[in-house]
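Read the structure below first, then the notes.
Just so you know, all these numbers are worked out from the coordinates, no wet-lab data involved. Here the structure is a predicted model, which means the values were calculated and not measured. FYI the Cβ positions are ideal-geometry reconstructions off the backbone, even for glycines, and counts take in every protein chain you see.
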Amino acid sequence: MTTAIADPVLEVHDLTVTYRQKPALWDIDFGIPQGVLVGVVGPNGAGKSTLIKAIMDLVPTASGYANCFGQSLDEVRQRVSYVPQRESVDWDFPASALDVVLMGRYGKRGLFRRLSNRDRRVARECLRTVGLEAFADRQIAQLSGGQQQRVFLARALAQEADLYLMDEPFAGVDAATERTTLELLGELRDQGKTIVVVHHDLQTAAEYFDWIVLLNTRLVAYGPKAEVFTPELLQETYGGSLTLLANVSELARKQNLPVRE
Ligand SMILES: Nc1ncnc2c1ncn2[C@@H]1O[C@H](COP(=O)(O)OP(=O)(O)O)[C@@H](O)[C@H]1O
Ligand SMILES: [Mg+2]
């Protein structure tokens, strides 16, 4: 499936990433238009995190490239916000919740410029938005997993970006964090922002996202969820994981999506 997207906010072209000569992503091509909430879905080891890291220039590419707003990341870095997978972060470094959120402001300031009162005000507002105002001075190591995830979200908001790339923000969080996150993502989308979220839970994928990218080392499909969230394409993505797939027709039906049988 290769729908041509006019003026994509994110464009990935012929992207291949290998780790020690083993491909993690193979010849990936897709584009994402402005103002959609996109789920990147696929089994464990499918290359979802690698895709986000390649877009952020955090892993070397064997071929191809990713563009944001029609430019290379370096030219538009401040407009792109990355929220890494929580487990990939060393939470022992000494910083308060507010310090972490303020990191979202440095790009605007330049690393060596002093933060302004407005920066601090915005950072506190973002903490309030995620329900953590009272935890501003708490060391992040002392926060729960869900609270840490919300601090990350607040940092991303503080950056006031136009494209958000988030790796598994719903993994292992409490119900309140899940709800807050989902609401925020919807608000960002309604403001015309573009949000790309790695998500491994099929049960909620079609409910949460407007668009879906199905990935398993290769790109299986991408597009509006009604076109992509079909039993055939999910089967192609998940292969032999049949226990999981037993429910796929049911899932698609629940979402009132077209089911081809
Ligand atoms: N730094 C790395 N070095 C070697 N192999 C890696 C590295 N990171 C990921 N991989 C491998 O690349 C594949 C894709 O990983 P990843 O992008 O993390 O998948 P996902 O996020 O979909 O679970 C997996 O087989 C994983 O083991
Ligand atoms: Mg991952």
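Sequence neighbours fewer than 8 away in the same chain don't count; with that in mind, list the aspartates and glutamates whose C-alpha is under 19 Å from LYS53.
GLU11, ASP14, ASP27, ASP29, ASP74, GLU75, GLU87, ASP90, ASP162, ASP167, GLU168
For the chain, calculate the relative contact order in percent as a whole number, restricting contacts to Cα pairs under 8 Å that are 6 or more residues apart.
After rounding, I find 25 percent.
So for region 95-239, what are the equivalent ellipsoid semi-axes in whole Å, largest first, each being the square root of 5 times an eigenvalue of the Cα gyration tensor?
Over the Cα atoms of region 95-239, the semi-axes work out to 32, 16, 13 Å.
Inverting the mean 1/r over all pairs of different Cα atoms, compute the Kirkwood radius of region 1-124 and quote it in Å.
Final number for the Kirkwood radius of region 1-124 is 16.7 Å.
Once you have the Cα-Cα distance between GLU187 and ASP92, take 0.36 nm times their residue separation minus that, and quote the gain in nm to one decimal.
Net length gain for the segment: 31.1 nm.
Which residue, chosen from LEU165, GLN142, PHE69, occupies the Cα position most advanced towards the positive end of the dipole of the chain, where the dipole is computed from +1 (Lys, Arg) and -1 (Asp, Glu) charges on Cβ about the Cα centre?
Of the listed residues, the answer is GLN142.
Work out the length of the dipole vector of region 115-209 about its Cα centre, built from +1 on the beta-carbon of each Lys and Arg and -1 on the beta-carbon of each Asp and Glu, and round it to the nearest 20 debye.
The dipole of region 115-209 has a size of about 440 debye.
Describe numerically, in nm with one decimal, the distance between label points set 7 Å from Cα along Cα→Cβ at GLN71 and at TYR19.
Taking the simple label geometry, GLN71 and TYR19 are separated by 3.2 nm.
Show me the ranking of peptides 94-107, 62-75 by mean Cβ neighbours inside 10 Å, starting with the highest.
Highest-to-lowest ranking by the protection proxy: 94-107, 62-75.
Name the residue farthest towards the positive end of the dipole of region 28-175 from the options VAL41, MET56, CYS126, assuming +1 on Cβ of Lys and Arg, -1 on Cβ of Asp and Glu, about the Cα centre.
Ranked along the dipole, the leading option is CYS126.
Given the -39500 (n - 2.57) contribution per DSSP H run of 4+ residues, what per-residue ellipticity at 222 nm results for the chain, rounded to the nearest 500 deg cm²/dmol?
-10500 deg cm²/dmol
Between ARG120 and ALA141, what's the calculated FRET efficiency when r is the beta-carbon distance and R0 is 22 Å? Round to 0.05.
With a Förster radius of 22 Å, E is 0.50.
If you bin every alpha carbon distance in region 10-254 into 5 Å steps from zero, what whole percent lands in each bin?
All Cα pairs considered, the percentages come to 1, 6, 13, 17, 19, 17, 13, 8, 4, 1, 0, 0.
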